[in-house]
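So the structure is just underneath, and the comments pick up after that.
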Amino acid sequence: MVTMFPDIYEGAVYRPPSEAGSLIIQATIGCSWNRCTFCTMFSEKEFRVRSIEEISNDMDKVLPFYRDARRVFLADGNGLCMDTDDLIEVLSMLYGKLPELERVSIYGGPLDVLDKRERDLKRLKEEGLSMVYFGLESGSKEVLKRVKKGATPEMMIEAGEKVKGSGLLFSSIFILGLGGKELSEDHARGTARVLSGQDPDYAAALTLLLEPGAPITKEVEEGRLTPLSPDGALRELRSIVEGLTLSNCVFRVNHASNYAPIGGTLPGDKERVLMQIDAAMGTRGFRPEGFRRL
C-alpha cells in the first residue's frame, strides 16, 4: 500500500512488491471488477477511468521529485481497461517527461485482457507498455466461481496467451488458501494446470488474508470455509510447484501476506524451490500472523 502524496492520490494505492521503487500514477480509481469475495482494497472507491487532463496534472505535480524515474506503475486495479488510445497518450506523456524511463507496468484483469484486441496489446507494447500484472487467483473452476472472479480457467489461459502473444511481459498472481481446506487439492491442481497453460514470465503467490468486511471472512466466521494453517498453505504451494511445467519463469513467494519467503527461476530451480518449502515447514519459521499484511 502506498500513502505518499496524499493530496494527489485518491484513497489508498496498492502495487505489486516488485514495484516498490516505481513512480505510481493513478490511471483509474478503484477496480473495474471489484466483486471478488476476498478483496476489500477498493471497496471504498467508486470505479472510474481518469481523464487525460487529470493524469497529466498529477504528472506535473510529482515529476519534479521523480525526474530520474526508470519505472512507472499505472494504478489502480485493472488499469488495462482504459481505452487503448488513451493509454497510448498516457505512455507518450510519461516517456516524453521522463528521459530515463525504462518500464511501465499495469494491472490487467481477465475480462479486461480478453476485451482488448491483440493488435491493441501489440500497439501498447510498441508505445512503451512493458508488463501486465494479472490476477489469476486460482485455476480451479469451483474456487473461481465461489470467489466471484468472473472468469473460468480456460479464460485465464486464453488471457495469458493473448498477453504473451503481444510481446508484453506477463506476471500471473495466485492466492494460497483461497479454496480453504475444502478445495485445497482442487485449487492446487487447477492452479498448476492454468499457470502451465499461461506459461508466464513471472509468477507470484500471495496467501489469503481474512480482511474485515470481506465476504470470504464471513464464510469463515459461519463455518462454510476452513482456513489453511501455515503448514497447509505451504503444502498447497508445494503441490502447485510440483505440478508446474514452465519455460522460463521467475517464481516468487515474497509478498508480505506469505508465511515464508521462497523463490527461484523455473524450471531450473524447481528442486531448490521445493527444498525451500520443505525447510520452511521443517523449521516452522513462519511469519507471525500480526506481520502478514497487504
Could you tell me which of the residues A260, A280 is assigned to a loop (DSSP other than H, G, I, E, B), of a type in the set (A, V, I, L, M) and crowded, with 21+ Cβ neighbours inside 10 Å? A260
Enumeration of residues in region 38-95 that are part of a loop (DSSP other than H, G, I, E, B), surrounded by fewer than 16 Cβ atoms within 10 Å (Cβ to Cβ) and among the hydroxyl-bearing types (S, T, Y): S43, S51
Of the candidates G180, G190, the one satisfying the condition of being touching a Ser or Thr at 6+ places or on another chain (Cβ under 7 Å), in a loop (DSSP other than H, G, I, E, B), modelled with pLDDT of 95 or more and surrounded by 15 or more Cβ atoms within 10 Å (Cβ to Cβ) is G180
Subset of region 142-159, residues more than 18 Å from L208 (Cα to Cα) and either in a helix (DSSP H, G or I) or modelled with pLDDT under 95 (or both), comes to P153, E154, M155, M156, I157, E158, A159
Inspect all residues belonging to region 221-238 and state whether any of them is of a type in the set (A, V, I, L, M), surrounded by fewer than 17 Cβ atoms within 10 Å (Cβ to Cβ) and not in a loop (DSSP other than H, G, I, E, B). no
Expected single match for among the charged types (D, E, K, R), modelled with pLDDT of 95 or more and within 21 Å of Y107 (Cα to Cα) among R238, R252, R224, R272 is R252
So how many residues does region 117-160 have that are buried (at least 23 other Cβ atoms within 10 Å of the Cβ) and basic (K, R)? 1
Selection within region 96-137 - more than 15 Å from the chain's Cα centre (by Cα), part of a helix (DSSP H, G or I) and not acidic (D, E): G96, K97, L114, R119, L121, K122, R123, L124, K125
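The values are calculated or read from the model by the stated rules, or taken from the named source; none is laboratory data. What you see is a predicted model, and the numbers here were worked out from it, not measured in a lab. Don't worry about glycine lacking a Cβ; one is built from the backbone with ideal geometry, like all the others, and counts go over all protein chains shown.
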